[in-house]
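Taking it in order: structure first as C-alpha cells, then the write-up.
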Amino acid sequence: MATENSQPSFSRGRKWKIGFDLLARTILVLAVVVMANYLGALFPHRAYLSSKTRVQLSSKTASVLQSLTNKVAVTVYYKRGDDFYPDVIALLNEYRAANPKISIRVVDYVRDGGDAQLVKEHYKQFFTSPGDKNLVIFDSDGRVKIAYGDALVNYGITGFTKDKQMEISAVTFNAEQMFTSILLTLESDRQFKAYFLQGHGEPSLDDTSQAGYSKFASILQANYVDVQPLHLSGENDVPADCNLLVIAGPQQTIPEEKINRYLSEGGRAFMLLDYTSVKQPTGLENVLAKWNINVVPDIVSDKDNASGSLTVVQNFQQHPIVNPLLQSELEMLFPRPVVYIAPKNPSPDAPSVTEIAFSGPRSTLIENPAMPPHNYPLIATIEQKSVAGVVNPRGTLRMVITGDSQFLDNQIIEGGLGGANRDFLANAINWLLDRPNLLQGIGPKPLTEFRLTLTETQQREVNWLLIGALPGGVLLFGGLVWFVRRK
C-alpha cells in the first residue's frame, strides 16, 4: 500500500529520458525507411537477391590486370535504370580495385544531358546513329575500344507461358570476357584478324538462323578478333594480314593449292568438317592428309554417350585448349573421326600432332559397323615448332581440326555442360593466336541473381507498408509503452 511519502515510479527526469530515447529510436527507423525508399527510387522496378556480395574475377582477368601498365579511362555511357547497369558497375569496380591505373566515369545519357553530349562529341566516330546507347568506352591515351551493352548479355529460352509462348530472358553475362579482351588489345599494338572462307557452301557469319554462324562471329569479336568473309575465287589469295583462316563445313571443292600455300608459309587455321561431306569430299581432306591427318569418310556412333542426335564428348587428352574442359563435356552432331597417322620415319622438325578429344570406348562407325569398337579421335591439333634458320612469312603453323562444324552453329554453340562448346571455341581461337593470357578463356557468367518485378499497384502497397504501416506501428507501440509506464 502506498504511503504519503512514497515516490512515483519515474522521476520527471527519467520520463524525459525515456521520451527522448523513444523519439530517437523512431527517428532512426524513419531514417532507415527513407534511405531504403531513396535507393528504391534509383532502381524502381528491380530488386537483387544475390547469393554473392562481390564479383569474382577469373584468374585470367587477374593475370591481364596485373600486367596492365597503361592508364585506361573507362566511360560508362549508360542509363542508370538499365537492368544490367549495376552488374556493369560492380564488375568495373573490381577491375579498378585490382589495378588503380583504371579510372571509371559514369555518364547517364538520360539525366546528364550536358555530359552525354560532350561524350558523343569526343567519341563521335563511335556513335554511328542517334540511338546509340549503353556503351562502355575504354580509352588508353587515345586508343579507344567500345563494348556495346547489347553484346554484354546473351538471351535464351527459359520456359514457356501457359499459352505455350516461349519466354525469352537473359541467361549469361559476357562483360568480363569482353572487357578483359579489350584491355588486352589496348595493351598490345597488334590487332588480330581472322578470315572466314566463303563460296563453297560454308555457313554465313551474318546468318542468325539455327544453322548460321552469327554467334561464332560474336565470340571472335568478344575475344577482340576482327573477322571478315574471304572469297578465294579468281586470282584472290589469302591476305597477307590474315592471322587466322577459318574453314567451316564446306560443301563444295575448296581451292586446295591456295590453302596449302597459306599453311606452308606458317599460317594458322581452324578447320571444321561435318557429316554432309562424308560421301562428297571437298578437298579439305587432301589438305589435311599432307599433315598426316586422316579424315575418315564415316560417322561415329557412340550410343553410350548419346543425347538425342548429339554425341556427348567427355574424354579429353591434356592440351591447353581442353584442359579447362576436363570436368565438362562437349556436344557434337554426327562427328567424323580425325585420326593421326604417324609417319614411319618422321623428320626431326616434323610438326607435333595431338588428338585432344575422343568418343567413348564402345563407339562404332555407321558406315562400317564391323570395325571393332574403340575410342575415335574427334578433334586434333597440329603445331609446327620453330626451326633454326627458317623464317616463315606468317610465323609458326598451328591448326585445330574438328570432325564436326555444326556443333558451333547458332543452335548448338551454347550446348555442352556449362556452355562448353562456346568455351571450346574461345580456347581454340586463343591457342591458335598464341594468346596465353586468355588461353583458358573467360566464359560468360550464368546469371544467378533473381529479380523481383512488381506491378505499379504492388509498388504502391509496398511504399505504404514501408512509409506508413511500419513507422506507424513503431510509433503506436512506443506510445503504448510510454502510456503504461507513465501510469
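Just for region 385-425: of the residues that are on the phi > 0 side of the Ramachandran plot and under 21 Å from the mean Cα position of the chain (by Cα), which one is modelled with the lowest pLDDT? Before you say what the answer is, go through the steps one by one.
Step one: of region 385-425, the residues on the phi > 0 side of the Ramachandran plot are 389, 395, 416, 418-419.
Narrowing the set further to residues that are under 21 Å from the mean Cα position of the chain (by Cα) leaves 416, 418-419.
Details: Gly416: 83, Gly418: 72, Gly419: 81.
Applying the filter and picking the extreme gives Gly418.
Considering Ala222, Ala217, which residue is without any contact (Cβ under 8 Å) to a residue 24 or more places away in the chain, in the same structural domain as Gln406 (by TED's automatic domain parsing) and surrounded by 17 or more Cβ atoms within 10 Å (Cβ to Cβ)? Walk me through how you get there before you give the answer.
On the way: Ala222 fails: without any contact (Cβ under 8 Å) to a residue 24 or more places away in the chain.
The match here is Ala217.
Please report, ordered by residue number, the strands (runs of 3 or more DSSP E) entirely within region 56-165 with at least 1 residues that are among the hydroxyl-bearing types (Ser, Thr, Tyr) and under 30 Å from Thr208 (Cα atoms).
Values: elements: 72-77, 102-107, 135-140, 143-148, 153-160.
By residue number, 72-77, 143-148, 153-160.
Quickly run through region 378-433 and pick out the residues that are closer than 26 Å to Thr364 by Cα, of a type in the set (Val, Ile, Thr) and part of a loop (DSSP other than H, G, I, E, B).
Ile412, Ile413
When the residues of region 258-277 are filtered to those that are at pLDDT 95 or above and out of contact with any Leu (no Cβ under 9 Å at 6 or more places or on another chain), which remaining residue is surrounded by the fewest Cβ atoms within 10 Å (Cβ to Cβ)?
Of everything passing the filter in region 258-277, Arg261 is surrounded by the fewest Cβ atoms within 10 Å (Cβ to Cβ).
Could you tell me how many of the residues in region 375-413 are in contact with a Ser or Thr (Cβ under 8 Å, 6 or more places away or on another chain) and of a type in the set (Asp, Glu)?
Of the residues in that region, 1 qualify.
Of the conditions (1) crowded, with 19+ Cβ neighbours inside 10 Å; (2) more than 21 Å from Pro297 (Cβ to Cβ), Pro343 fails just one. Which one is it?
(1)
Going through region 66-114 one residue at a time, which ones are of a type in the set (D, E, K, R) and under 16 Å from Gln56 (Cβ atoms)?
The initial filter retains those residues of region 66-114 that are of a type in the set (D, E, K, R), namely 71, 79-80, 82-83, 87, 94, 96, 101, 105, 108, 111-112.
Asp87, Glu94, Arg96, listed by residue number.
State yes or no: is Gly212 in contact with a Gly (Cβ under 9 Å, 6 or more places away or on another chain), in contact (Cβ under 8 Å) with a residue 60 or more places away in the chain and surrounded by fewer than 19 Cβ atoms within 10 Å (Cβ to Cβ)? Lay out the reasoning, then the answer.
On the way: in contact with a Gly (Cβ under 9 Å, 6 or more places away or on another chain): no; in contact (Cβ under 8 Å) with a residue 60 or more places away in the chain: yes; surrounded by fewer than 19 Cβ atoms within 10 Å (Cβ to Cβ): yes.
No.
Identify, from the list Tyr85, Tyr78, Tyr95, the residue that is aromatic (Phe, Trp, Tyr), crowded, with 17+ Cβ neighbours inside 10 Å, at pLDDT 90 or above and more than 14 Å from Phe138 (Cα to Cα).
On the way: Tyr78 fails: more than 14 Å from Phe138 (Cα to Cα); Tyr95 fails: more than 14 Å from Phe138 (Cα to Cα).
Criteria check complete, one pass: Tyr85.
The values are calculated or read from the model by the stated rules, or taken from the named source; none is laboratory data. Quantities reported herein were computed from a predicted structural model and do not represent experimental measurements. As a convention, Cβ positions derive from the backbone with ideal geometry for all residues, glycine included, and neighbour counts pool all protein chains shown.
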